[in-house]
1. So, R0 is 30 Å and r is the distance between the beta-carbons of ASN522 and ILE543; what FRET efficiency does that work out to, to 0.05?
2. Not counting ligands, DNA or RNA, and with a 1.4 Å probe, what is LYS64's accessible surface area in Å² rounded to the nearest 10?
3. Could you list which residues have their amide H under 5 Å from that of LEU444, counting only those 5 or more apart in sequence or on another chain, with H placed in the peptide plane?
4. Can you tell me the relative contact order of the stretch 493-620? Whole percent, Cα pairs under 8 Å, sequence separation 6 or more.
5. Express as a percent, rounded to the nearest 5, the fraction of DSSP beta bridges in the chain (both residues included) that run antiparallel.
6. What is the helix-to-structure angle for 50-59, meaning the angle in degrees between its Cα long axis and the longest Cα principal axis of the chain, kept from 0 to 90 and rounded to the nearest 10?
7. Report the antiparallel proportion of the DSSP beta bridges in the stretch 493-620 as a percent, rounded to a multiple of 5.
8. When all protein chains stay in place, what accessible area (Å², nearest 10, 1.4 Å probe) is found for GLU180?
Amino acid sequence: MSFLDNINSPSDLKKLNIKELDCLAQEIREFLINSISKTGGHLASNLGVIELTIALNYCFDFSKDKIVWDVGHQAYTHKILTGRKDLFDTLRKKDGLSGFPKTEESIYDHFNTGHSSTSISASLGFATARDLLGKNYNVISVIGDGAMTGGLVYEAMNNAGANNKKLLIILNDNQMSISENVGSMSKHLSSLRSAPEYLEAKLDVRKFLERFNIVGDRINKVLEKTKEGIKYAILPNVMFEQLGIKYIGPIDGHDINGLIKALNNVKNINKPVMLHIITKKGLGYIHAENEPYNYHGVAPFDTKTGKSVTNKQETYSDVFGKFMVKEANRNKKLVAITAAMPSGTGLSFFSKVYPDRIFDVGIAEEHAVIFAGGLAMGGFVPVFAVYSTFLQRGYDQIIHDICIQNLHVVFAIDRAGVVGDDGETHQGIFDISYLSHIPNLTLLAPKDKEELIEMLDFSINKHKGPIAIRYPKGIACDIPVDNKQEIQFAKCEIIKQKGNIAIITVGTIIKNVIPAYERLLNEGYNISLINARFISPIDKGLIDNIRDNFEYIFTVEENVFKGGFGSNLISELMKNEIFNKKVYPISYKDEYIEQASINELHIKYGLDEDSIYKTIKNKIGNIKDGN
Ligand SMILES: Cc1ncc(C[n+]2csc(CCOP(=O)(O)OP(=O)(O)O)c2C)c(N)n1
């Protein structure tokens, strides 16, 4: 009999005994491996929290208690136990089940997540609201040791420890971020992990107590308390206790029985508590256990071999990574920074060849930006490789610490544009808007692989001052053009100049623009094609060209409209008192973009070849310029 088949809500779970819960955990493990092997998704983290999630749903009632999953990529078992199992074949697909907690999806999800280290802040907010309104529910954060490297966590604990609200933080310690976890917090956790063994090996607590004449029945009563006390006395201070958060643990995060006991105990503590559990990332799937970094987020794979079923092709991240290795050999001042994403950003190989010249700062984008500033002041050329969506966190630091001082820091902004299946929290559709108005900051977008390399070379070797290059997720393309021009500061690339219609395209979306452009040329239109290259500053020559030659201007970019290249170009034309032009920006709408494949999103938002063709054709109608 399958237990899983009979679980439609957490109340079904509560009918099972411990042995049956253990069987259920194994069934969920098999279900997840099979299901994710078909859809892709976050595998290793989810395999590590199955027992925890069962125990949580067993001990609490999340139709009223609140749970906030940090990052949220590990909430699959929670979805299964709360009536969403049958939707797993739609996971991360258009209109399907989200890969993250979604309040819109279920009453059992209480706070949407995606970016790291937010859960303690949100939970403290819930706990404060509960107490102000005189309500009575439990609030729980589940946070990984990787997420504990993010600065927000410390702001939240500082606040929570002082406010003394009833709040449970479950620290899921699997000793991994996506890659190996880094930093001194990770070392502190490992000293806590070894605490019980240390205690058993070094200290016979009973003998110790007998020396103080504490004997008989009393010994059992005080033993537990004293053990804890001695643990704190002989071990390095438990940081959480110092902050006013009661620390309990570490305990085995795969022992459902032990977890249930611990959760039922901590339920009654009326102050912030941290329950430290030890888990194994990828547990139950040998490939994920052995290489958790390769099975954090996966594309569809063969369950037997663990190998991806899609062919690996060179991505823009790969192109960036290879360039960095080559360039570092030549340029001894070059150093790389990552905020816990060495592999996603293409820097894995660099970290093997130049381990002393790459700095993984943890999930700490704000810190990474200022750290880069210090390195630049100290005589290096730092390249901070970061996803567009995560650099949102570094906005103030980019202005305050880098650009006001005009420091030569290079931002390699990966995953710019839509990223597809991770949905709203991960789309890179705002970076042009949040970067292009910052004085001193140069912002570039390459049209293809070769231009990415040229722009990296330009940014590292020929430019002084803050500079950012944005490029997308996906396969690196070659876009050959006639009369190729070198990168020159604030100069666009005129690929073809003819007629009074211009298409100005930003970045790699040119691959969808060119076929549309060619269709229009074949129909007899005279149209110019321009590769913007510099988003900021906008080429002054381009403004003059528009003034003198064009009547219809189409901009194409992968950013929202507001603050994007098109809207900036319109402002620039106004500033130059050029009022008599018809400018049509083609971009994402000013809204959050849900999960779907990148192609589906291009079609939905009018950025695929056919839509670009139709938009332009629709506006220019029968005007065929003879020039
Ligand atoms: C601000 C931010 N930066 C980077 C990421 C990418 N990211 C997703 S999960 C993850 C590692 C999280 O590690 P941990 O909290 O230990 O969870 P585990 O996957 O090990 O369960 C990272 C770096 C993110 N989600 N948010």
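The values are calculated or read from the model by the stated rules, or taken from the named source; none is laboratory data. Keep in mind that what you see is a predicted model, and the values were worked out from it rather than measured. FYI the Cβ positions are ideal-geometry reconstructions off the backbone, even for glycines, and counts take in every protein chain you see. Side chains included, ligands, DNA and RNA excluded: accessible areas come from the protein's heavy atoms. Shrake-Rupley method; radii C 1.70, N 1.55, O 1.52, S 1.80 Å.
1. E between ASN522 and ILE543, to the nearest 0.05, is 0.50.
2. 100 Å²
3. Long-range HN contacts for LEU444: ALA468, ILE469, ARG470, ILE535.
4. Computed over the stretch 493-620, the figure is 29 percent.
5. So the antiparallel bridges in the chain amount to around 15 percent.
6. Long axis of 50-59 versus the principal axis of the chain: about 60 degrees.
7. 15 percent
8. The accessible area of GLU180 comes to roughly 120 Å².
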